[in-house]
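Some notes on the structure that comes next.
The values are calculated or read from the model by the stated rules, or taken from the named source; none is laboratory data. Not measured: the values here are computed from a predicted model. Positions of Cβ are backbone-derived with ideal geometry, glycine not excepted, and every protein chain shown enters the neighbour counts. Side chains included, ligands, DNA and RNA excluded: accessible areas come from the protein's heavy atoms. Shrake-Rupley method; radii C 1.70, N 1.55, O 1.52, S 1.80 Å.
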Amino acid sequence: MQSIGVGRINKNAKMNKPITVTQPYLPPLEEFMPYLQQIWQNKWLTNNGPLHQQLEKELAEYLGVKYISVFSNGTLALITAPQPPKGGARADMLHSSELSESLSNSPFRGLGGRLTGSLGHAAGLSFYPGKNLGALGDAGAVTTNDDALAEVVRTLGNYGSKQKYVCNYKGLNSRLDELQAALLDVKLKYIDQENEYRRKIADYYIANIHNYKIILPKITNYQSLITNHLPLITNHVFHLFVVRTPYRNQLQQYLADNGIQTLIHYPIPPHKQIAYSEYNNDSYPVTEQIHNEILSLPISPVMEWEEVEKVVEVINKF
């Protein structure tokens, strides 16, 4: 298995190229080719194909859940997970006392030795290409340990149909194609290594960015970890590394002038979106302040270590 760049230093890196906020890790092409050959050979392109089934099995084993249904995108997974229909299976499947996880940026660190996706009664996951575990295109999944809920979710994702041409529910067309399943299956074996490298970058940022204008993510028991020479980050996968500053526009332009890309995730709070005009006049000062100050710094499993060091050096001079 090819190594993701944990601690690597590429002395030939061209430091004049822009440092992007995030880039996906793509596994060696030779690992992906046998999957393509299988698709071409069996000509099963979608609708619960063998690679679809294999991915569900391996994801369920990895997460430690009984059931997982993969979907054509994370939005449909999120829609399906919290809304089982009332006619048929249990109407109280996601009763208010039961936790439904919305994990669009999750894969896969969790709490108390359990991974996200296995903590609640059900979870919706996104495998958008830019996520830590990303497909070639859109993809998602729903996880649960509930037998009845699993059956309903799987049925909803196939037009609401258990039997061909017979619809039990008002369902969705959200079946994952074999190409996406193939890449996700290949990339799953790299996810722990990728997340560990993200944590290494985050560790370095938090330990070495020293600028009173920048608010860094808060780490629990920070001083104890420093004293005992332990990694600062143990339970976060850092899909993004987000800082805050009241000088966001100036910082963003300064970093761009120095070849460092940043993004704002996200500039407009939900209650100020046109789509939710009924809430536009509401005031949520903490939310609005956060949206005015957040800035995502570069972090990805393919960052060269010199790039990580440059980000810190440039920010400290701001």
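Among residues belonging to the range 167-180 that are open to solvent by less than 60 Å² (accessible area, probe 1.4 Å) and touching a strand residue (DSSP E or B) at 6+ places or on another chain (Cβ under 7 Å), point out the one that is farthest from ILE68 (Cα to Cα). Spell out the reasoning first.
First, pick out the residues of the range 167-180 that are open to solvent by less than 60 Å² (accessible area, probe 1.4 Å): 169, 171-172, 174, 176-178, 180.
Then drop every residue that is not touching a strand residue (DSSP E or B) at 6+ places or on another chain (Cβ under 7 Å), which leaves 171, 174, 176.
Numbers: GLY171: 17, SER174: 14, LEU176: 13 Å.
Ranking the candidates gives GLY171 first.
Taking the conditions exactly as written (touching a residue at least 40 places away in the same chain (Cβ under 8 Å), β-branched (Val, Ile, Thr) and either open to solvent by 70 Å² or more (accessible area, probe 1.4 Å) or within 17 Å of ALA202 (Cβ to Cβ) (or both)), does VAL286 satisfy them or not?
Numbers: touching a residue at least 40 places away in the same chain (Cβ under 8 Å): no; β-branched (Val, Ile, Thr): yes; either open to solvent by 70 Å² or more (accessible area, probe 1.4 Å) or within 17 Å of ALA202 (Cβ to Cβ) (or both): yes.
Spelling it out, it is not the case that VAL286 is touching a residue at least 40 places away in the same chain (Cβ under 8 Å), β-branched (Val, Ile, Thr) and either open to solvent by 70 Å² or more (accessible area, probe 1.4 Å) or within 17 Å of ALA202 (Cβ to Cβ) (or both).
What pairs can you find where one residue is in the range 297-308 and farther than 21 Å from THR245 by Cβ and without any contact (Cβ under 8 Å) to a residue 40 or more places away in the chain, the other is in a loop (DSSP other than H, G, I, E, B) and open to solvent by 10 Å² or more (accessible area, probe 1.4 Å), and their Cβ atoms are less than 6 Å apart, with a gap of 6+ or different chains?
Here the result reads none, with nothing in the range 297-308 linked to a residue that is in a loop (DSSP other than H, G, I, E, B) and open to solvent by 10 Å² or more (accessible area, probe 1.4 Å).
Inspect the range 181-202 for any residue being at pLDDT 90 or above and more than 21 Å from the chain's Cα centre (by Cα) and give the result as yes or no.
Looking through the range 181-202, none of the residues is at pLDDT 90 or above and more than 21 Å from the chain's Cα centre (by Cα).
Residue by residue through the range 238-277, note down the ones that are in contact with a strand residue (DSSP E or B) (Cβ under 9 Å, 6 or more places away or on another chain), open to solvent by less than 40 Å² (accessible area, probe 1.4 Å) and not β-branched (Val, Ile, Thr).
Passing the criteria: LEU240, PHE241, ARG248, LEU251, LEU255, GLY259.
Please determine whether any residue of the range 86-99 is over 15 Å from the mean Cα position of the chain (by Cα), at pLDDT below 90 and under 23 Å from LEU184 (Cβ atoms).
Of the range 86-99, the ones over 15 Å from the mean Cα position of the chain (by Cα) are 86-99.
Subset that is at pLDDT below 90: 86-99.
Going one step further and asking which of them are under 23 Å from LEU184 (Cβ atoms), we end up with none.
No: the range 86-99 contains no residue that is over 15 Å from the mean Cα position of the chain (by Cα), at pLDDT below 90 and under 23 Å from LEU184 (Cβ atoms).
Please tell me if GLU151 is farther than 24 Å from PRO298 by Cα and part of a helix (DSSP H, G or I). Reasoning before the result, please.
On the way: farther than 24 Å from PRO298 by Cα: yes; part of a helix (DSSP H, G or I): yes.
Yes.
Being in contact with a helix residue (DSSP H, G or I) (Cβ under 9 Å, 6 or more places away or on another chain) and of a type in the set (S, T, N, Q) is the filter here, so list the residues in the range 284-318 that pass it.
Hits for the range 284-318 are THR287, ASN292, SER300, ASN316.
Given SER126, SER161, which one is among the polar types (S, T, N, Q) and in contact with a helix residue (DSSP H, G or I) (Cβ under 6 Å, 6 or more places away or on another chain)?
The unique qualifying residue is SER126.
Residue by residue, here is whether (1) farther than 19 Å from TRP44 by Cβ; (2) not aromatic (Phe, Trp, Tyr) holds:
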| site | (1), (2) |
| --- | --- |
| THR144 | yes, yes |
| GLY157 | no, yes |
| SER161 | no, yes |
| LYS164 | no, yes |
| TYR169 | yes, no |
| ASN173 | no, yes |
| LEU176 | no, yes |
| ASP185 | no, yes |
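Among all residue pairs at least 6 apart or on different chains, which show Cβ distances below 6 Å where the first residue, located in the range 52-76, is within 20 Å of PRO129 (Cα to Cα) and the second is open to solvent by 20 Å² or more (accessible area, probe 1.4 Å) and of a type in the set (Gly, Ala, Ser)?
Final answer for the pair search is GLY74/SER104.
Quick one: how many residues across the range 211-228 are surrounded by 10 or more Cβ atoms within 10 Å (Cβ to Cβ) and either modelled with pLDDT under 70 or more than 22 Å from the chain's Cα centre (by Cα) (or both)? Write out each step before concluding.
Restricting attention to the range 211-228, the residues satisfying the condition of being surrounded by 10 or more Cβ atoms within 10 Å (Cβ to Cβ) are 211, 213-217, 219, 221-222, 225-226.
After this cut, where a residue has to be either modelled with pLDDT under 70 or more than 22 Å from the chain's Cα centre (by Cα) (or both) as well, the list is 211, 213-215, 221-222, 225-226.
The total comes to 8.
Any idea which residue in the range 126-166 is surrounded by the fewest Cβ atoms within 10 Å (Cβ to Cβ), counting only those that are of a type in the set (Lys, Arg) and over 24 Å from LEU36 (Cα atoms)?
LYS164
Pull out all pairs, ordered by first then second residue, where Cβ-Cβ is under 9 Å, the residues are six or more apart or on different chains, the first lies in the range 235-262 and is part of a helix (DSSP H, G or I), and the second is at pLDDT below 95.
As it stands, the answer is ALA256/PRO18, since those pairs meet every condition given.
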